[in-house]
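Comments concern the structure below.
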Amino acid sequence: MVWARVVKKLLQTSRRIGDTFPHATSAGRYDAAAAGWWTAGFWPGLLWLVYRETNDARLCAIAESCERKLDSVLWGFDELWHDVGFMWSLTSVARYKLLKADDSRRRALLAASVLAARFNLRGQFIRAWNENRVGWAIIDTMMNLPLLYWASACTGDPRFKYIAMAHADTALRHFVRSDGSCRHIVSFNPDTGAFIEAVSGQGEAPESAWSRGIAWAIYGLALSYRYTGEARYLVASRRAAEFLLDNLPADRIPYWDFRSPVSPDICRDSSAGACAASGLLELASLLPDGDGARMQRAGAAMLQALDERCGAWDGGEEGLLRMGAGNVPEGQNINVSLIYGDYFFVEALAKLRGHREVFW
């Protein structure tokens, strides 16, 4: 059983990785990233997924230590950007949902306040990154919006939710195309909110179809619908899902960009596949029976393909999935294990095991 292999491996690898912040593998071992890097939440989030079933006290202790280490980043402020949702949804919100820890609730609400403060009123978007990119927004932020939805639900204050919905509506206008493909980056005039241009980012070109960006859209829009009940988000999530499923290769492992020239050595991205699979399962739970069943089958089939084609079960790799593609245009972390791919793979498996609650 895949789940048993996952648990066995994580119990082993956690002894070496401990409360560091793994990002990508090198020569089979996870390299630790800085606590301020955007992927810092995925390792403790992965541990919480397993702890939820095992009640293993050691995994709990490691995840709690990771969360505490992020305090210096949260209070330091300068390293914070649009990805605080990735960081504190999978640490503080997860721990609060599982253990009702009040210190985690406060951390998550502070992170949500930081994210809300990045909202550009004129352009109706949450600003991406820092430095001189004051008018940039990215599709990845769709997966950070749940921190804002959660904050509104937790406090009864709708302001967080309305900021999240405003950004999601901007994504519908400027990121998700009519065919379901997505832009990665859009540049706006920060003073007027006017659209300037699409930027290629991690895709092949500004108007290409970066697969992990499409996965962010599938899942993030489904979660926006789950929190708000606004049908336009469900429609857009489904449109992105149909595009991804129509463009998958026969083995169901996504190309890194669906509009990159196809060749025998084209990069695949197991992390895009894992995120898309979990998003499809989320979408399946929100659709009518027939449509939901089709998305459920599609998500389960992608997970099976990831296990069979990318599963690292032979002991030579600390990660769970091989064939991840971090940043192909910059030649970074290609054909390796990526901690976010591992996280979404396990999260999707947990959904198949009946877990409806997510940490988002």
Among residues of region 36-71, those that are charged (D, E, K, R), closer than 13 Å to LEU99 by Cβ and either out of contact with any Phe, Trp or Tyr (no Cβ under 9 Å at 6 or more places or on another chain) or at pLDDT below 95 (or both), counted | 2
Reported set for region 244-285 where residues are in contact with a Pro (Cβ under 7 Å, 6 or more places away or on another chain) and aromatic (Phe, Trp, Tyr) is TYR255
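Looking at region 176-200, which of its residues are closer than 27 Å to VAL134 by Cβ and crowded, with 21+ Cβ neighbours inside 10 Å?
Of the residues in region 176-200, the ones closer than 27 Å to VAL134 by Cβ are 176-177, 181-200.
Those that are closer than 27 Å to VAL134 by Cβ and crowded, with 21+ Cβ neighbours inside 10 Å: VAL176, SER181, CYS182, ARG183, HIS184, ILE185, VAL186, PHE188.
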Given the structure, is LEU172 touching a helix residue (DSSP H, G or I) at 6+ places or on another chain (Cβ under 9 Å) and more than 23 Å from SER271 (Cα to Cα)?
-> yes
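Tally time: how many residues in region 79-123 are of a type outside the set (A, V, I, L, M, F, W, C), part of a helix (DSSP H, G or I) and more than 22 Å from ASP169 (Cβ to Cβ)?
Taking region 79-123 and keeping what is of a type outside the set (A, V, I, L, M, F, W, C), we get 79, 82-83, 85, 89, 91-92, 95-97, 100, 102-107, 113, 118, 120, 122-123.
This time we only want the ones that are part of a helix (DSSP H, G or I), so: 85, 89, 91-92, 95-97, 102-107, 113.
Narrowing the set further to residues that are more than 22 Å from ASP169 (Cβ to Cβ) leaves 91-92, 95-97, 102-107.
Looking only at that region, the number is 11.
Name the residues in region 177-197 that are assigned to a loop (DSSP other than H, G, I, E, B) and of a type in the set (Gly, Ala, Ser), would you? Don't jump to the end; show me each part of the working.
Of region 177-197, the ones assigned to a loop (DSSP other than H, G, I, E, B) are 177-181, 183-184, 189-194.
SER178, GLY180, SER181, GLY193, ALA194, listed by residue number.
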Among the candidates GLU317, GLU347, residue that is part of a loop (DSSP other than H, G, I, E, B) and surrounded by 15 or more Cβ atoms within 10 Å (Cβ to Cβ) = GLU317
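If I filter region 125-167 down to residues being of a type in the set (A, V, I, L, M) and in a loop (DSSP other than H, G, I, E, B), which single residue comes out as surrounded by the most Cβ atoms within 10 Å (Cβ to Cβ)? Outline the logic, then answer.
First pass over region 125-167, keeping only residues of a type in the set (A, V, I, L, M): 126, 128, 134, 137-139, 142-143, 145, 147-148, 151, 153, 163-166.
Okay, now just the ones that are also in a loop (DSSP other than H, G, I, E, B), so 128, 134.
Numbers: ALA128: 23, VAL134: 15.
Looking at the filtered set, the residue picked out is ALA128.
So if I check each of ALA40, ALA27, which one is more than 18 Å from the chain's Cα centre (by Cα) and aliphatic (A, V, I, L, M)? Give the derivation first.
Working: ALA40 fails: more than 18 Å from the chain's Cα centre (by Cα).
That would be ALA27, the only listed residue that is more than 18 Å from the chain's Cα centre (by Cα) and aliphatic (A, V, I, L, M).
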Residue that is nearest to the chain's Cα centre (by Cα) [pool: residues in region 75-95 that are over 30 Å from ALA194 (Cα atoms) and without any contact (Cβ under 8 Å) to a residue 40 or more places away in the chain] = SER92
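The values are calculated or read from the model by the stated rules, or taken from the named source; none is laboratory data. Note that this is a predicted model, so its numbers are computed, not measured. A quick note on method: Cβ atoms are made from the backbone with ideal geometry, for glycine too, and the neighbour counts reach across all protein chains shown.
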